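A.B. asks: One structure coming up, written as structure tokens, with questions to follow.
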Amino acid sequence: MPMLRGTLDPLVLKTLSWSPMHAFEITNWIEERSDGRVQIDDAALLQSLHRLEGRRYLVGEWGVTENGRRAKYYRITAAGREFLRTEAARLVDHLDAVVSILSAKTTQSRA
């Protein structure tokens, strides 16, 4: 199933709220936590990282991975944490409403 519009940025920020990570680690973290149900497209992730960096919700610094490769490590900022709090609450409320609608039991059948 494709990712719902507007969910990638909060997922990236939630991931970075645990620790600084590079793009590959972010993808793995999300995919592992969702038991593979959420798949991240590389291009979409890079767009999200650039967008969030432009909004100053995260900052990136170049570093070296465990494998000795150069990678940009991202960490969430205070503004990013605030955005994550409000956006996560909004998304949870919206998804709760969708679940309520989809779980509704019909009281009569229509012919």
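A.B. asks: Restricting attention to segment 95-111, which residues are in a helix (DSSP H, G or I) and exposed (fewer than 12 other Cβ atoms within 10 Å of the Cβ)?
C.D. replies: Asp96, Ala97, Val98, Val99, Ser100, Ile101, Leu102, Ser103
A.B. asks: Tell me whether segment 55-63 contains one or more residues that are aliphatic (A, V, I, L, M) and either in contact (Cβ under 8 Å) with a residue 12 or more places away in the chain or surrounded by 10 or more Cβ atoms within 10 Å (Cβ to Cβ) (or both).
C.D. replies: At the first step, the residues of segment 55-63 found to be aliphatic (A, V, I, L, M) are 58-59.
In the following step, the residues that additionally are either in contact (Cβ under 8 Å) with a residue 12 or more places away in the chain or surrounded by 10 or more Cβ atoms within 10 Å (Cβ to Cβ) (or both) were identified as 58-59.
Within segment 55-63, one or more residues are aliphatic (A, V, I, L, M) and either in contact (Cβ under 8 Å) with a residue 12 or more places away in the chain or surrounded by 10 or more Cβ atoms within 10 Å (Cβ to Cβ) (or both).
A.B. asks: Is at least one residue of segment 58-65 polar (S, T, N, Q) and under 20 Å from the mean Cα position of the chain (by Cα)?
C.D. replies: Within segment 58-65, none of the residues are polar (S, T, N, Q) and under 20 Å from the mean Cα position of the chain (by Cα).
A.B. asks: Go through (1) modelled with pLDDT under 95; (2) more than 19 Å from Trp29 (Cβ to Cβ) one by one and return the number of the condition Leu91 breaks.
C.D. replies: Condition (2) is where Leu91 drops out.
A.B. asks: If you don't mind, another one. Considering only residues that are touching a Leu at 6+ places or on another chain (Cβ under 8 Å) and either in a helix (DSSP H, G or I) or basic (Lys, Arg) (or both), which ones fall in segment 37-46?
C.D. replies: Within segment 37-46, Ala44, Leu45 qualify.
A.B. asks: Which one of these is among the acidic types (Asp, Glu) and closer than 16 Å to Lys14 by Cβ: Glu87, Glu53?
C.D. replies: Just one listed residue meets the conditions, Glu87.
A.B. asks: Taking segment 47-91, which residues are in contact with a Lys or Arg (Cβ under 8 Å, 6 or more places away or on another chain), of a type in the set (A, V, I, L, M), farther than 13 Å from Leu16 by Cα and not in a helix (DSSP H, G or I)?
C.D. replies: Across segment 47-91, the qualifying residue is only Val64.
A.B. asks: Another question, then. Would you mind stating whether Arg37 is without any contact (Cβ under 8 Å) to a residue 40 or more places away in the chain, exposed (fewer than 14 other Cβ atoms within 10 Å of the Cβ) and under 12 Å from the mean Cα position of the chain (by Cα)?
C.D. replies: When the stated conditions are applied, Arg37 does not pass them.
A.B. asks: Can you report the number of residues in segment 1-43 which are of a type in the set (Ser, Thr, Tyr) and more than 12 Å from Ile76 (Cα to Cα)?
C.D. replies: Matching residues across segment 1-43 total 3.
A.B. asks: Oh, and also: Scanning for something polar (S, T, N, Q), in contact with a strand residue (DSSP E or B) (Cβ under 7 Å, 6 or more places away or on another chain), within 25 Å of Gly6 (Cα to Cα) and surrounded by 10 or more Cβ atoms within 10 Å (Cβ to Cβ), does segment 71-86 turn up at least one residue?
C.D. replies: yes
The values are calculated or read from the model by the stated rules, or taken from the named source; none is laboratory data. Keep in mind that what you see is a predicted model, and the values were worked out from it rather than measured. Quick reminder, even Gly has a Cβ in these numbers, built from the backbone with ideal geometry, and neighbours come from all protein chains shown.
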